[in-house]
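Just so it is clear, none of the values below were taken in a lab; they were calculated from the coordinates. Remember, it's a predicted structure, so these values are computed and weren't measured experimentally. Glycine also receives a Cβ, built like all others from the backbone with ideal geometry; neighbour counts cover every protein chain displayed.
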Amino acid sequence: MGIACVASRAQLGLSAPRVAVEVHLGGGLPNFSIVGLPATAVKESKDRVRAALANSGFDFPAGRITVNLSPADLPKEGCRYDLPIALGILLASSQISMPDEILAGCEFYGELGLAGELRPIKGVLLAAAHAARESRSIVVPSANATEARFAAPRSTCDAATLLGVCELARSGVRAEINEEADVPEFAAGSAELDLADVRGQAAAKRALVIAAAGGHSLLLVGPPGAGKSMLSQRLPGLLPPLAGDEALDVASIASVSTRGFAPTDYARRPFRAPHHTASASAIIGGGPQARPGEVSLAHRGVLFLDELPEFNRSVLESLREPLESGVVAISRTARQVEYPARFQLIAAMNPCPCGYLGDPSANCRCAPPEIARYRARISGPLLDRIDLRVAVPAVSSEELLEENAPESMTSAQAAALVRAARQRQLDRASKLNCELAGKEIQKFCRIDRAGRRLLAGAREKLSLSARGVHRVLRVARTIADLDATNPESHDAKNGDPASPIAITHLAEALQLRRAID
Ligand SMILES: [Zn+2]
């Protein structure tokens, strides 16, 4: 009777610790048990493995089969262990053999169908990224092969059936690996929505560029149909493309999510727009499998919350933690799982319950207490974390129909400004202005005496909290950075990235901080 060990990996948040699948065949009464804290799915894999082995023409060994998924204290779920368990049984019963160096340097993933076919699993990209980092190769179901090759182009093998994997093992997995392969082709940045397609709304477009340049959160307030969603959807097109590791992180989150990974999304800035009826676990993450929520799916991209006051209050409150720290912790029975959630928040709301307050062409009949109640649905602490607020009024029919409308900035032009302004920030502090902490604000957001007077007056008038003042200073820094990158600016030759903030920059930041009235 024999023993065998096959390597695989579990998934915990964005980590993928190694799991050893040990199989022992012993004498005695027929019995098949899996130990190592397996979830229900792993128990069910017994039946699938048994059927797959029989239907692939192998013998199911008589006697006592013990499968140990080690380390035992690691929670395990999903059907990904079917393939390593089946291989372990075949190896332990000497029905197949594999060279030791392959067993030691290769990992196996896949769910088995009853006929022996290999079915795709969730989270392959994450596992592949970890395996590649440790110079190990992986064998995955063919349906997962494209996904795995984004993270491990040179060390991925795939097969469609259990027999296919046995064939690979016989020929030596290494021989099947393409050492020259590169990350699959993907279409990044194509067919973006263009800023120039939005008519009018100069103030909102300016706010959008400032938000993009400094990573600031933004609230758009205006009547239905004014273009709030159109504007928000154009933000990802103003941001620089994702760099290598960022792209891999974003793809890994998608890979372990319910929706799964889509190759066309690779290296794109995510844009997530959950509906206001979405539950807290859909937004923050959770469920029995501790899947990532919208805040993590929007990592390194944009989270757009339309109709902000309609969201459940507890959902809005739970946004405060990721907005501050850039991570979310999801608790479940065994342990806490963390996912990154560094997203840029763009929110939109109507000015009043009916939506037409202040609109000259439509009558608003909302009573002042109704309006106050509507706005009070967004708590002060959340509103305090939104850096920029801008009115998006209805576009007049003249503006819409005018043939010779003044040319609007295109997304490509705006993205160039944003890129230059971001470079100044990275040169100065190795981070974006939205991430500057207390000491750094003192150091990099210097204002002169007149600026301090303006800020003190505005603080009283807008009843700004200390956090609010910091946010105004960060935005003013971004406006100054944008100004310095503008070729027409008198400041253009001033290459000093720590140059002081002018009073006009501060005044614009304060204007964008004002409560919408
Ligand atoms: Zn109204």
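In the chain, Cα pairs under 8 Å separated by at least six residues give a relative contact order of 12 percent. Computed from Cα atoms, the angle from the helix 503-513 axis to the main principal axis of the chain rounds to 70 degrees. Quick one: Debye curve from the alpha-carbon atoms of region 280-366 only, equal weights, vacuum; give me log10 I(q)/I(0) at q = 0.14, 0.19 Å⁻¹ to two decimals. Here the Debye-derived log intensity ratios amount to -0.56, -0.82. DSSP beta bridges fully contained in the chain are about 45 percent antiparallel.
Taking other Cβ atoms within 10 Å as a rough exposure proxy, Ile138, Ile447 sort from fewest to most as Ile447, Ile138.
Of Val67, Val140, Val327, the sequence from fewest to most neighbouring Cβ atoms within 10 angstrom is Val327, Val67, Val140. Restriction of the trypsin sites (Lys or Arg not before Pro) in region 239-275 to DSSP coil positions whose beta-carbon has at most 15 other beta-carbons within 10 angstrom yields Arg259. For region 346-462, the relative contact order works out to 11 percent when only alpha carbon pairs closer than 8 Å and six or more residues apart are counted.
Report, in whole Å, the centroid distance computed from the Cα atoms of region 442-474 and region 1-31. A separation of 60 Å, based on Cα centres. What the pair-distance distribution of region 408-458 shows, using all Cα-Cα distances binned every 10 Å from zero, is 22, 33, 32, 13 percent. Of all beta bridges that DSSP places with both ends in region 16-111, some 55 percent have antiparallel geometry. From largest to smallest, the equivalent ellipsoid semi-axes obtained for region 186-314 from the alpha-carbon gyration tensor read 25, 21, 11 Å.
Kirkwood hydrodynamic radius of region 71-119, from the reciprocal of the average inverse Cα-Cα distance over all distinct pairs: 12.1 Å.
On a C-alpha basis, how far is the centre of region 341-381 from the centre of region 106-137 in Å? Whole number, if you could? After rounding, the separation between the Cα centres reads 48 Å.
For helix 202-214, what angle does its Cα long axis make with the longest principal axis of the chain, in degrees from 0 to 90 and rounded to 10? The angle comes out at about 50 degrees. In region 345-457, one over the average inverse separation of all distinct C-alpha pairs is 18.8 Å, which is the Kirkwood hydrodynamic radius.
For the chain, Cys5, Cys79, Cys106, Cys157, Cys166, Cys354, Cys364, Cys434, Cys445 have no disulfide-compatible partner, since no other Cys C-beta lies under 4.7 Å from theirs. Over all orientations, region 19-146 has a Cα convex hull whose mean projected area works out to 7.7 square nanometres. Based on DSSP H segments of at least four residues, each scored -39500 (n - 2.57), the chain has a per-residue ellipticity at 222 nm of -11500 deg cm²/dmol. Based on the Stokes-Einstein relation at 20 °C and a viscosity of 1.002 mPa s, and on the Kirkwood radius from alpha carbon pairs, region 5-82 is assigned a translational diffusion coefficient of 162 µm²/s.
For the peptides 417-430, 148-161, the ranking by mean Cβ contacts within 10 Å, running from highest to lowest, is 148-161, 417-430. Sequence-distant contacts, meaning Cα pairs under 8 Å at least 6 residues apart, place the relative contact order of region 26-95 at 46 percent.
In a solvent-free Debye calculation with one equal scatterer on each Cα, what is log10 I(q)/I(0) for the chain at q = 0.07, 0.12 Å⁻¹, listed in the order of the q values? Each listed q corresponds, in turn, to -0.50, -1.06. The GluC sites (Glu not before Pro) found in region 302-383 include none that occupy coil by DSSP while having at most 13 further C-beta atoms within 10 Å. Taking only Cα atoms, what is the 0 to 90° angle, nearest 10, from helix 124-133's long axis to the longest principal axis of the chain? Long axis of 124-133 versus the principal axis of the chain: about 80 degrees. Applying the Kirkwood pairwise sum to the alpha-carbon positions of region 106-146 produces a hydrodynamic radius of 10.6 angstrom.
When the alpha carbon gyration tensor of region 422-483 is reduced to an equivalent ellipsoid, its three semi-axes come out at 21, 12, 10 angstrom, largest first. The overall shape of region 291-333, judged from the alpha-carbon gyration tensor, is oblate: a/c is not under 1.5, and a/b is no greater than b/c.
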